[in-house]
Amino acid sequence: MTQNPTPFAAAAPAKAPAAHLGFLARNPGLRSPLGLVVPLLLLIVLISVVNPVFLDGRNLFNVFRQISIFLVLGTGMTVVMAARGIDLSVGSTVALSACVSAIVLKSGMADGLAVPLAIAAGVGVGALVGLVNGYFVTNLRVPPLIVTLGTMTAVRGAAYLVLGPNQLRNFPDAFSFIGQGRVFGLPMAGLVAIAVVLFGAYLMNRTRFGAYVLALGGNRSAAIRAGIRVGRYETLAYVFSGAAAGLAGIMLASRIDAAQAVLGATMELHAIAVVVLGGTLLFGGFATLLGTFLGAAFLGVAENGLLLMSVPFYWQQVVIGLTLVVAVALQLARFRRQGMVTE
C-alpha cells in the first residue's frame, strides 16, 4: 500500500502525481499546514511590535517549553482523528498520570529506580486509559465522543481517588530535568516533544499501522472489505493517544515540580485546537504532523502574546474557544471545495 512520501503529512493512499509537477503538487498534504506559516509569522511580528519582550531569549525558551505538552498531546490526537475518532479524556489522563508518577517517586525507592518506574507507570496508565477507550469504541460500538466524554469524567475521578485533594512536590532532580532541564540551551521538554512528533510522523507515513489507520478513517467499510482488522488498529490509535497523554502528564508534573488531580483541565481543547489548526481532517483519512507542530506553535505564540499584553485569563479562554470554532469552519470550507467533505 503506497503512502505519502512526505515525512509529516499523511493521507489515504492515492496515485502518485507526475514527477514533473511542483513540490507542493507532488506533496498536496503540505499545502494545508504551510498555509499556517504566514499567519504565524504575522502574529509574531504583531506581538513583537506591541511588546518587544516577546523576542527575549528567556521568553522564547518558555514558549517552546510550554507548547511541548501541546505537541505531545496533539500528536496522539492527530493519530486518533486520522482514524475518524476523538479523545476528550486526554486532559484527565494528564492528571492521573502525573498523580501516579508522583506516588511512585514518593514511594521511598532509590531515585535510580523510582524515576524510570515513575515514567513507565505514567505512560502505562495513559496507555491503559486509551485501551479502555478503544475497547468501548471498537467492541461495543459506542461513539467516540460519548466514550471519551465518559472516561474524561471517570479518569478525573480516579485521579482524585489516587491522590485526593493533596499535592505532592519536590521530585528528584533526574525527574525534574524532563520538564525544566536544558540541552545545548534548548528545553529538554521541547526536545522530547519533537522526538514524539517525529515518531508519530514515522508511524503515520512509514508503517502499516499508519496506512491502516488512514484507510479506516477514510472509508471504514472499504477497509473492512480489504481485510484490514479495523478494530485492532482503531484501538491502537487510542492506546497511542493515551500513552502520549501519559507522557504529557509526566512532563507537566516535572515542569511545575508538583502533581495534583486538577492538572490538565481543558487540555483536551488545546490538543484538538492544535490538530485542527494544523489541517488534519476532522472526519478522518488525512493527517499532518507538520500541521500539528505549526498549530501548536501558533496557539502557544497567541497565548504568550495575550499574556504579555496583560489580557485577563478568562479572555484568553474566549480567544482559544473561538479560534477552535473558526479553525473548524475554515477547514470544512476548504475540504468541501476540494470534494473531500460533501455534507
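The values are calculated or read from the model by the stated rules, or taken from the named source; none is laboratory data. In this text, all values refer to a predicted model and were calculated from it rather than measured experimentally. Ideal geometry is used to build each Cβ from the backbone, glycine not excepted, and the neighbour counts take in all protein chains shown.
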*Kindly check whether there is at least one residue in the range 216-225 that is more than 28 Å from N62 (Cβ to Cβ) and crowded, with 24+ Cβ neighbours inside 10 Å.*
yes
*Going by the structure shown, is R156 of a type in the set (K, R) and assigned to a helix (DSSP H, G or I)?*
yes
*Return the total of residues in the range 224-277 being acidic (D, E) and within 13 Å of the chain's Cα centre (by Cα).*
1
*Verdict on S221 being under 29 Å from L117 (Cβ atoms) and small (G, A, S)*: no
*Consider S241 carefully, then state whether it is out of contact with any Cys (no Cβ under 8 Å at 6 or more places or on another chain), at pLDDT 90 or above and closer than 22 Å to A174 by Cβ.*
no
*asked:* Please go through (1) without any contact (Cβ under 8 Å) to a residue 12 or more places away in the chain; (2) of a type in the set (D, E, K, R); (3) in contact with a Phe, Trp or Tyr (Cβ under 8 Å, 6 or more places away or on another chain) for D257 and return the number of the only condition it doesn't satisfy.
replied: (1)
_Sole residue being modelled with pLDDT of 90 or more, of a type outside the set (S, T, Y), in a helix (DSSP H, G or I) and touching a Pro at 6+ places or on another chain (Cβ under 7 Å), chosen from G291, G300_ = G291
*Could you say whether any residue in the range 80-103 is surrounded by fewer than 21 Cβ atoms within 10 Å (Cβ to Cβ), over 14 Å from the mean Cα position of the chain (by Cα), more than 27 Å from L282 (Cβ to Cβ) and of a type in the set (A, V, I, L, M)?*
yes
*Could you list, in sequence order, the residues of the range 292-322 that are over 18 Å from N51 (Cα atoms) and among the β-branched types (V, I, T)?*
T292, V318, V319, I320
*Taking the stated definitions as given, is V125 of a type in the set (A, V, I, L, M, F, W, C), at pLDDT 95 or above and over 19 Å from the mean Cα position of the chain (by Cα)?*
no
*Could you tell me whether the range 232-241 includes any residue that is touching an Asp or Glu at 6+ places or on another chain (Cβ under 8 Å), closer than 30 Å to I103 by Cβ and not polar (S, T, N, Q)?*
yes
*Inspect all residues belonging to the range 304-314 and state whether any of them is closer than 23 Å to T75 by Cα, touching a residue at least 24 places away in the same chain (Cβ under 8 Å) and part of a helix (DSSP H, G or I).*
yes
_Top-ranked residue of the range 86-112 - restricted to ones that are at pLDDT 95 or above and not in a helix (DSSP H, G or I), ranked as farthest from D257 (Cα to Cα)_ = I86
